[in-house]
Each structure stands twice: as structure tokens, then as C-alpha cells.
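Enquirer: Below are the C-alpha cells for one structure; questions will follow.
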Amino acid sequence: MRRTVLLPLLAVVFGGATLALMQTPARPAHRFTKVTDTLYGALGTGAMNVGSNAGVIINDKDVLIVDSHITPAAARALATEIQTLTDKPIRYVVNTHFHFDHAHGNQVFPDDVLIIGHEFTREKLAGDPLNEPSFKSFTSGVPAQVENLRKDVAAETDPAKQKTLKDRLDVQSAYADALKEVKPIPPNVTVRNKMTLFRGGREIQILFFGRGHTGGDVVVFLPREKVLFSGDLFVPNLGFMGDGYLDEWIVTLDELKKLDFETVVPGHGEVLVGSAAGHERIGFVQAYMKDLWAQVNALKSQGVPPADAAKKVDLTSHKTQFAQLTAPGVDARAVARIYQVIDERARR
Ligand SMILES: [Zn+2]
């Protein structure tokens, strides 16, 4: 039933209905967290690998989405499922940063859709995004993961557990297929520090506060509604730091905290509601980052190789705020990146 309704729409919007049929998951790929009648966070349900959250801003005549997800298939699912909220056309896409899980769905949008991102984001996506270390580090293992899951499904004798594994296999093998279709395209409109869209009665600010999670993270801020779409510049439960400028990031977050927001739709994790919630949580993230930066600097000055430093760093004192920090050790990519940033500073 669902497919018979959605497919003709997809065919009109994107063409490629056969592909869409293959890749449209049986249950919705998103749950929409309502902020107001015209503002939503689009969070993945697990039926499909969508990679990151997206934001949905429904204006008088058109729709702006914040981030385009991890693959063209995921972006198509987003565009399709947004039709359960509105029949207005998607006219704007903001890429909060260049990372694959926020920007590799860009290609599904027609040429007249404005894809907005920082100058740095355009540079990265117009460069060689499929050879970015972050992209490769997250995707090179996918075929092996699919094979391992296939073996696990075959070996599992408990029917309930086998069903769970089979669901994971289906999601992961659909993702492996979807990756083959990716042809990254860069933003066609760039921002350096600030851009404002006035759509009907709404003001939409696209803001850059300095380097952080990457060299060019923008956030989307609605001053009247006091809603912030923060991308990965701020995620409530700590995110990937392998492309970051950690010391600058802490300062950039000081600027972000000055915004008067009451709701945050982050790039990953749940939507935060309440004026205290977001601001306080940014402070916890900054405290973690300051500690990480100090510990890694100390280990580097002692001549500890980055991979060993990654095992030694102990941030368990932050586990009241971040429950995952149960044992010492952090992502080796984050530590390697901090070493790189320190060395770059020293060369200047
Ligand atoms: Zn990211």
C-alpha cells in the first residue's frame, strides 16, 4: 500500500523508480521529532543506514533540509518520507559540513535546489571526498562486516537472535549497495561567515563561528523560534574528532553558546529541549575536550606514540555525563589528529 502511494511521487521527483523500489525500506527510515508544526528533526529508525540526523524546516512555500544523509538512497528515503509532513518542494539543502554521513545524499536533488555549505565544505566535496581518510576509515570495512553478518546468521540456531542478525545483515548489505552509487557533489552556494534566508515570515541564519569538528562547520539557527540545528559541531554524546581542530573547537563552542536557543537538533543523537539542556550539555562537551587536549599534549611531549597515547588517555572522570566512558582509551583517530594539529601549530 505504502509503496503504491510513494512510488509515483518518487518517479516524478527523481526518476529511477526501480532503484527506489529496491532501496525503499519496508518500514519508515525516519521518525520525525516535532519541534513545532513546521520544524522537525529527522532521526533514523534503524530500518536503513541514514548516517546522521537531518533537520526539516517547512516554510510558506518550500522546504529546507539540514544535511542530506549518508547515501543517495538515504536522501531519497528522507525526501519521500518528508511527504508525510508536507507536499511543499525541497528547495534548499544545507550541508553542515563535508562529512559523508551529512553530504553524500546531495546528488539526488535536482539542479535548481540550492545546496548551501561553507567554502571549506565545497572545497572538500569538490576535491576527492571518496579518498578522505575519515570516509575510508568508516567504509572500508563494510564488505567484510556484511560477510561476517552473513556467517553469523547462518550459524545462529536461536530463531529470535537469528531474526535480529538477519535484520542487521539486511540493513548493512543495503548500505554496502548504496555506497556504490555515491557520486559526491559539492554545495552550489557557499558561506564564509553568515548567510540569512528570509522565507515567508521566517528568518533562517546559516552561521560559521570558527573551526571545530571540521574546518568548515555551519549551524542553522532560527532566532524567532529559538531552534538550533547544530550539525556535528555539537552532538550531545560526543562525536567523531578525527578531522577536528580540538583547541579551536572549544573556543568555537563558546561562541555557539551565546546563541539564544531553546531546542537543539544535533547531527547525531536525540533532540534536546529546554533552554538549559543544550547550553549545559555544550559545557560538558567542552570540559571533556579540554581534558582530552591537555592529556594528549602531555603524552605527546613525553614522546608517546599516538596509538599508545590513545590507549592511555583516561576520560572516565567524565562518565557521569557520558555513560560510554567506562574505561580508559579513546578513538585513535582523534588522538592522531590532535598530534597532527599540534605539529601544524609548531610549524607556523
Ligand atoms: Zn561529522
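Enquirer: Pull out all pairs, ordered by first then second residue, where Cβ-Cβ is under 6 Å, the residues are six or more apart or on different chains, the first lies in the stretch 332-348 and is modelled with pLDDT of 95 or more, and the second is acidic (Asp, Glu) and in a helix (DSSP H, G or I).
Expert: none
Enquirer: Next up: Please indicate, with yes or no, whether at least one residue in the stretch 123-143 is touching a Lys or Arg at 6+ places or on another chain (Cβ under 6 Å) and more than 17 Å from Leu78 (Cβ to Cβ). Lay out the reasoning, then the answer.
Expert: Our first condition is that a residue be touching a Lys or Arg at 6+ places or on another chain (Cβ under 6 Å); within the stretch 123-143, this holds for none.
No, that holds for no residue.
Enquirer: Could you please find all residues in the stretch 137-163 being away from the ligand (no atom under 16 Å from the Cβ) and among the polar types (S, T, N, Q)?
Expert: To start, the set of residues in the stretch 137-163 that are away from the ligand (no atom under 16 Å from the Cβ) comprises 140-163.
Matches in the stretch 137-163: Ser140, Gln145, Asn148, Thr157, Gln162.
Enquirer: Can you name the residue in the stretch 262-282 that is surrounded by 18 or more Cβ atoms within 10 Å (Cβ to Cβ) and touching a helix residue (DSSP H, G or I) at 6+ places or on another chain (Cβ under 6 Å) and is also nearest to Gly55 (Cα to Cα) among such residues?
Expert: Val264
Enquirer: Considering only the stretch 294-307, I want to know if a residue exists there that is hydrophobic (A, V, I, L, M, F, W, C), closer than 21 Å to Gly215 by Cβ and part of a helix (DSSP H, G or I). First the steps, then the outcome.
Expert: Going residue by residue through the stretch 294-307, those that are hydrophobic (A, V, I, L, M, F, W, C) are 294, 296, 298-299, 304, 307.
Right, trim to closer than 21 Å to Gly215 by Cβ and you get 296.
Going one step further and asking which of them are part of a helix (DSSP H, G or I), we end up with 296.
The answer is yes, given that some residue of the stretch 294-307 is hydrophobic (A, V, I, L, M, F, W, C), closer than 21 Å to Gly215 by Cβ and part of a helix (DSSP H, G or I).
Enquirer: Still on this structure, please answer the following. Within the stretch 134-146, can one find any residue that is farther than 30 Å from His102 by Cβ and aliphatic (A, V, I, L, M)? Write out each step before concluding.
Expert: Narrowing the stretch 134-146 to residues farther than 30 Å from His102 by Cβ: none.
Scanning the stretch 134-146 turns up no residue that is farther than 30 Å from His102 by Cβ and aliphatic (A, V, I, L, M).
Enquirer: Every residue in the stretch 308-343 that is touching a Phe, Trp or Tyr at 6+ places or on another chain (Cβ under 9 Å) and assigned to a helix (DSSP H, G or I), please.
Expert: Hits for the stretch 308-343 are Ala309, His318, Arg333, Ala334, Arg337, Ile338, Val341.
Enquirer: So, in the stretch 150-181, how many residues would count as being assigned to a helix (DSSP H, G or I) and within 23 Å of His104 (Cβ to Cβ)? If you could, list the steps in order and put the result at the bottom.
Expert: Within the stretch 150-181, the first condition is being assigned to a helix (DSSP H, G or I), and the residues that meet it are 150-155, 159-179.
Applying the additional criterion that residues be within 23 Å of His104 (Cβ to Cβ) yields 168-179.
Residues flagged as assigned to a helix (DSSP H, G or I) and within 23 Å of His104 (Cβ to Cβ) within the stretch 150-181 amount to 12.
Enquirer: If you don't mind, there's one more thing I want to ask. Tell me whether the stretch 59-68 contains one or more residues that are hydroxyl-bearing (Ser, Thr, Tyr), more than 16 Å from Ile115 (Cβ to Cβ) and either at pLDDT 95 or above or under 16 Å from the mean Cα position of the chain (by Cα) (or both). Quick ask: steps written out before the conclusion?
Expert: First, pick out the residues of the stretch 59-68 that are hydroxyl-bearing (Ser, Thr, Tyr): 68.
Now drop any that are not more than 16 Å from Ile115 (Cβ to Cβ), which leaves none.
No, every residue in the stretch 59-68 fails to be hydroxyl-bearing (Ser, Thr, Tyr), more than 16 Å from Ile115 (Cβ to Cβ) and either at pLDDT 95 or above or under 16 Å from the mean Cα position of the chain (by Cα) (or both).
Enquirer: Let me ask another. Regarding Ala309, is this residue among the small types (Gly, Ala, Ser), buried (at least 19 other Cβ atoms within 10 Å of the Cβ), out of contact with any Cys (no Cβ under 8 Å at 6 or more places or on another chain) and in contact (Cβ under 8 Å) with a residue 40 or more places away in the chain? Give the steps one after another, and end with the answer.
Expert: Values: among the small types (Gly, Ala, Ser): yes; buried (at least 19 other Cβ atoms within 10 Å of the Cβ): yes; out of contact with any Cys (no Cβ under 8 Å at 6 or more places or on another chain): yes; in contact (Cβ under 8 Å) with a residue 40 or more places away in the chain: no.
The answer is no for Ala309.
Enquirer: Which of the helices (runs of 4 or more DSSP H) contained wholly in the stretch 33-136 include at least 1 residues that are away from the ligand (no atom under 16 Å from the Cβ)?
Expert: Details: elements: 72-82, 100-103, 119-126.
It comes to 72-82, 119-126.
Enquirer: With the checklist (1) at pLDDT 95 or above; (2) more than 21 Å from Asn53 (Cβ to Cβ) in hand, flag the one item Ala174 doesn't pass.
Expert: Looking at each condition in turn, Ala174 falls short on (2).
Enquirer: Ok, one more. Return the total of residues in the stretch 177-207 being surrounded by fewer than 18 Cβ atoms within 10 Å (Cβ to Cβ), farther than 21 Å from Asp112 by Cβ and touching a residue at least 12 places away in the same chain (Cβ under 8 Å).
Expert: Qualifying residue count for the region: 8.
The values are calculated or read from the model by the stated rules, or taken from the named source; none is laboratory data. As the structure is a prediction and not an experimental result, all values here were calculated from the model. Positions of Cβ are generated from backbone atoms using ideal geometry, with glycine treated the same way; all protein chains shown enter the neighbour counts.
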